[in-house]
1. Going through GLU180, GLU188 one at a time, which residue ends up being in contact with a Cys (Cβ under 9 Å, 6 or more places away or on another chain) and within 15 Å of ligand 2 (Cβ to nearest atom)?
2. Residue check: is ALA207 more than 16 Å from ligand 1 (Cβ to nearest atom), crowded, with 21+ Cβ neighbours inside 10 Å and either of a type in the set (D, E, K, R) or in the same structural domain as ARG347 (by TED's automatic domain parsing) (or both)?
3. Among the residues of segment 212-265, which ones are more than 12 Å from ligand 1 (Cβ to nearest atom) and on the phi > 0 side of the Ramachandran plot?
4. Looking at this structure, is GLY155 more than 30 Å from PRO298 (Cα to Cα) and either assigned by TED's automatic domain parsing to the domain that holds LEU229 or out of contact with any Ser or Thr (no Cβ under 8 Å at 6 or more places or on another chain) (or both)?
5. Among (1) over 25 Å from LEU310 (Cα atoms); (2) in a loop (DSSP other than H, G, I, E, B), where does LEU185 come up short?
6. Could you identify the single residue in ALA124, ALA167, ALA132 that is on the phi < 0 side of the Ramachandran plot and either near ligand 1 (Cβ under 10 Å from one of its atoms) or in a strand (DSSP E or B) (or both)?
7. Working only within segment 146-181, note down all residues that are polar (S, T, N, Q), touching a strand residue (DSSP E or B) at 6+ places or on another chain (Cβ under 8 Å) and farther than 23 Å from GLU74 by Cβ.
Amino acid sequence: MSIPPGSTLGILGGGQLGRLTAVAARQLGYRVRVLDKKADCSASRVADDVISAPFDDVDAACWLAARSDVVTLEIETIGATAARAVAERAPLRPGPSLLAMVQDRAVQRAWLAEHGFPQGPWRAADGAPAIAAAATELGGACRVKAARGGYDGRGQARLPEPSQAAAVHAELGGAPAVVEQELDLQAELSVLVARSPSGEVAVFPVARNWHIDAILDVSHIPSGLPDALEARAAELARDIARACSLEGILAVEMFLVADDRLLVNEMAPRPHNTFHATSLACETSQFEQLVRAACDLPLGSTALVRPVALANLLGDLWDDGPPPFERALAMPGVHLFLYDKEPRPKRKVGHLLATGATPDEAIARVRAARAALERKG
Ligand SMILES: Nc1ncnc2c1ncn2[C@@H]1O[C@H](COP(=O)(O)OP(=O)(O)OP(=O)(O)O)[C@@H](O)[C@H]1O
Ligand SMILES: [Mg+2]
């Protein structure tokens, strides 16, 4: 049964993804309540209410659920007990079992293996000797990733050879980890799939992603990759959404490796950095689609309207005060999104989108716009 406009949407997490979800919800006529660690979080400026508490605070989660008609999330690190408590009081979409599966990399990879979805060679490892043994078995250089809580390349380290396992283990703070074989990536892409509780499924156009130091730098839609490859990627995401009984939206990050094989890197059941472009590139943005899916409304069309590229803005750009935004905004097709977050090095505090007649034109424009922000004086 659908939860109609005028109802209240609760959002676990008040970062930029929560903020933009709240904007979409308000546009559709919903009230919005947010739970975040910080009362002045990014979403606080657009939410009706913010309750500030840690993500494992069961009482706070219950408070939110009791005052919401449906609850969704913008971050995976919600405590398992808190998530279950929410789900007992209001529909939580995505649900607690999907959340528990994705929030631990080892559990996520085991789930992918169990369901026969393709991924690179990996081992779960707890402790330096186990990391060294896993790396020896896998062979070659590896990526060691903390099983829980990493993002933007934090919580992961490169292991050139097994003998350096102790140093990498210490660098990750001694946390249980997943060791992955370092793959030779031909391309990085992601697919965003929406599924409503009624079972309607919609897949967005594939995004192609470019990382620097494991942080997303530029992303664009359409991907420019061959149609047949895009179709396989979309089918894979669709199959995963069905297998995990998704309610909401799910981003599936994929690697393209030798022989045109597609491997799943990781999954996130929430709005995703690589789909910001949908705000201008698609008939329906990822944020509106999440509201529709969570509220069991008809899903919106994901049809491509025009090519769009994204460039993230990191806090480093604010080194000598705010960058000269007017330079970027004077460029054709360029749009600025700021998150009201304190600028700190390596922290994402905003993004630029640029439209173009082709993906290449959109990419060139968004890069030029960001370069204009880097030039001071
Ligand atoms: N096994 C691997 N082989 C080669 N490159 C990798 C591997 N794992 C990760 N990377 C590179 O590091 C990036 C970040 O890795 P991953 O997505 O696992 O971490 P993350 O911290 O969750 O990142 P994000 O939060 O940006 O999604 C990947 O997009 C890819 O560029
Ligand atoms: Mg990733």
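1. GLU180
2. Numbers: more than 16 Å from ligand 1 (Cβ to nearest atom): no; crowded, with 21+ Cβ neighbours inside 10 Å: yes; either of a type in the set (D, E, K, R) or in the same structural domain as ARG347 (by TED's automatic domain parsing) (or both): yes.
No; evaluated as a whole, the condition is false for this residue.
3. Start the filter on segment 212-265 by keeping residues that are more than 12 Å from ligand 1 (Cβ to nearest atom), which leaves 218, 220-250, 258-262.
Within segment 212-265, GLY224, SER245, GLY248, ASP259, ASP260 qualify.
4. Working: more than 30 Å from PRO298 (Cα to Cα): yes; either assigned by TED's automatic domain parsing to the domain that holds LEU229 or out of contact with any Ser or Thr (no Cβ under 8 Å at 6 or more places or on another chain) (or both): yes.
Against the criterion (more than 30 Å from PRO298 (Cα to Cα) and either assigned by TED's automatic domain parsing to the domain that holds LEU229 or out of contact with any Ser or Thr (no Cβ under 8 Å at 6 or more places or on another chain) (or both)), GLY155 qualifies.
5. Among (1) over 25 Å from LEU310 (Cα atoms); (2) in a loop (DSSP other than H, G, I, E, B), the lone unmet condition for LEU185 is (1).
6. Numbers: ALA167 fails: either near ligand 1 (Cβ under 10 Å from one of its atoms) or in a strand (DSSP E or B) (or both); ALA132 fails: either near ligand 1 (Cβ under 10 Å from one of its atoms) or in a strand (DSSP E or B) (or both).
Every option except ALA124 fails the conditions.
7. Of all residues in segment 146-181, those polar (S, T, N, Q) come to 156, 163-164, 181.
Adding the requirement that they be touching a strand residue (DSSP E or B) at 6+ places or on another chain (Cβ under 8 Å) leaves 156, 181.
The one that is polar (S, T, N, Q), touching a strand residue (DSSP E or B) at 6+ places or on another chain (Cβ under 8 Å) and farther than 23 Å from GLU74 by Cβ: GLN181.
Condition check ((1) within 16 Å of ligand 2 (Cβ to nearest atom); (2) under 14 Å from PHE204 (Cα atoms); (3) crowded, with 21+ Cβ neighbours inside 10 Å) across all residues:
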{"site": "SER245", "(1), (2), (3)": "no, no, no"}
{"site": "ARG270", "(1), (2), (3)": "yes, yes, yes"}
{"site": "LEU290", "(1), (2), (3)": "no, yes, yes"}
{"site": "GLY300", "(1), (2), (3)": "no, yes, no"}
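The values are calculated or read from the model by the stated rules, or taken from the named source; none is laboratory data. The model shown is predicted, which means the values in this text are computed figures rather than measured ones. Cβ sites come from the backbone with ideal geometry, for glycine too, and all protein chains shown count toward neighbours.
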